[in-house]
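So that we are looking at the same thing, I have put the structure below in structure tokens.
The values are calculated or read from the model by the stated rules, or taken from the named source; none is laboratory data. Only a predicted model underlies this, so the values are computations on that prediction, with no experimental measurement involved. Heads up, the Cβs are rebuilt from the backbone with ideal geometry, glycines too, and the neighbour counts pull from every protein chain shown. Quick note on the areas: whole protein, heavy atoms, side chains included, nothing else; ligands and nucleic acids left out. Shrake-Rupley method; radii C 1.70, N 1.55, O 1.52, S 1.80 Å.
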Amino acid sequence: MRKSLPARVLVSVAGVLVALLFLFPTYWMFTTSLKTPGDVLSPKYDLIPTSATLSNFASALTKPGFVTYLTNSLIVTLGAVLAALVVGVLAAIPLARFRFRGRKGFLLLILVAQLAPLSALFIPMYLLMRDIGLLNTLPSLLLVYFATSLPFTVWMLYGFVNGIPYDLEEAAMIDGCSRVGAFRRVTLPLLGPGLVTTSVFSFITAWNEFLFALVFMRDQSKQTLPVWLSSFKTAFSIDWGGVMAASVIYAIPAVIFFLIVQRKLVSGMTAGAVKG
């Protein structure tokens, strides 16, 4: 039933208010990054800054180790996301396409692994990386991010694969495709929105992770951007302008990644919710 004009206006106004509520912290961060130290600590806050400076961005970009931390973050985050997608697809296909003993139990274990708090895995993973000699190396951090994002990736991709009719693959095999060829030509293109949606959530989780990067990477040249952000805090003060400018810079790669995949993100978020 079509909504009346007052109802549509009310819904639109509510949507705008909710959007402003979520966007205001980002606006606050950006405007604070353009202020001088005196304006930042001033008790009076101007919604529209009367003056602006780029000195905070200059000090953040020239801070020692920025390029190294950025490179490390990109390596471990993109590597973990790519590895989780590859393994997740290979695990989701048999779970969705085949019926075998223990299948439902395995799905339940994946869900339980996803529900486990990340802090509960900290000590076991630290001891494991220490025993195999990977502590204080980028592969250890990549493996940690891969292991923590894999249950979510498998569970999400299982729903997406399960939502694609198997009849399409059978029709392709009747036309002469092999099973692998039918998956590559038919199922994989339809799985695109699911891959995008899963990769976005996995990327954000790995990109923002702080505790593992801080403890596992004792060498500063191996640490990531979240640890770099904490360097703006000293024993005597906090450079709030630098923190806000660094946070803006820190968010740019995630925004770029989102803009690249956003076309398929909306359709992916509304798919996959099918009964298994």
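Within the group GLY163, GLY192, GLY176, which residue is surrounded by fewer than 17 Cβ atoms within 10 Å (Cβ to Cβ), in contact with a helix residue (DSSP H, G or I) (Cβ under 9 Å, 6 or more places away or on another chain) and over 22 Å from LEU70 (Cβ atoms)?
Criteria check complete, one pass: GLY192.
OK, next. Just one of PRO6, PRO49, PRO25, PRO37 is under 30 Å from THR224 (Cα atoms) and free of Cβ contacts under 8 Å to residues at least 24 places away in the same chain; which is it?
On the way: PRO6 fails: under 30 Å from THR224 (Cα atoms); PRO49 fails: under 30 Å from THR224 (Cα atoms); PRO37 fails: free of Cβ contacts under 8 Å to residues at least 24 places away in the same chain.
Exactly one of PRO6, PRO49, PRO25, PRO37 is under 30 Å from THR224 (Cα atoms) and free of Cβ contacts under 8 Å to residues at least 24 places away in the same chain, namely PRO25.
A further question on this structure: Which one is farthest from the chain's Cα centre (by Cα), of the residues in the range 56-85 that are buried (at least 19 other Cβ atoms within 10 Å of the Cβ) and closer than 19 Å to SER221 by Cα?
Selected residue: ALA60.
From (1) under 27 Å from VAL261 (Cα atoms); (2) open to solvent by 10 Å² or more (accessible area, probe 1.4 Å); (3) not β-branched (Val, Ile, Thr), pick out the condition that doesn't hold for PHE236.
(1)
Would you pick out the residues in the range 22-60 that are in contact with a Pro (Cβ under 8 Å, 6 or more places away or on another chain) and of a type outside the set (Asp, Glu)?
Taking the range 22-60 first, the residues in contact with a Pro (Cβ under 8 Å, 6 or more places away or on another chain) are 31, 34-35, 39.
Within the range 22-60, THR31, LEU34, LYS35 meet the criteria.
Now for a separate question. For THR53, state whether it is part of a loop (DSSP other than H, G, I, E, B), surrounded by 12 or more Cβ atoms within 10 Å (Cβ to Cβ) and either not charged (D, E, K, R) or not assigned by the TED database to the domain that holds TRP207 (or both).
Numbers: part of a loop (DSSP other than H, G, I, E, B): yes; surrounded by 12 or more Cβ atoms within 10 Å (Cβ to Cβ): yes; either not charged (D, E, K, R) or not assigned by the TED database to the domain that holds TRP207 (or both): yes.
Answer is yes for this residue.
What's the number of the condition LEU128 fails, among (1) among the aliphatic types (A, V, I, L, M); (2) part of a helix (DSSP H, G or I); (3) within 26 Å of THR71 (Cα to Cα); (4) in contact with a Leu (Cβ under 8 Å, 6 or more places away or on another chain)?
For LEU128, the exception is condition (4).
Suppose we filter LEU214, LEU188 for residues that are assigned to a helix (DSSP H, G or I) and modelled with pLDDT under 85; which single one remains?
None of the others qualify; the one that does is LEU188.
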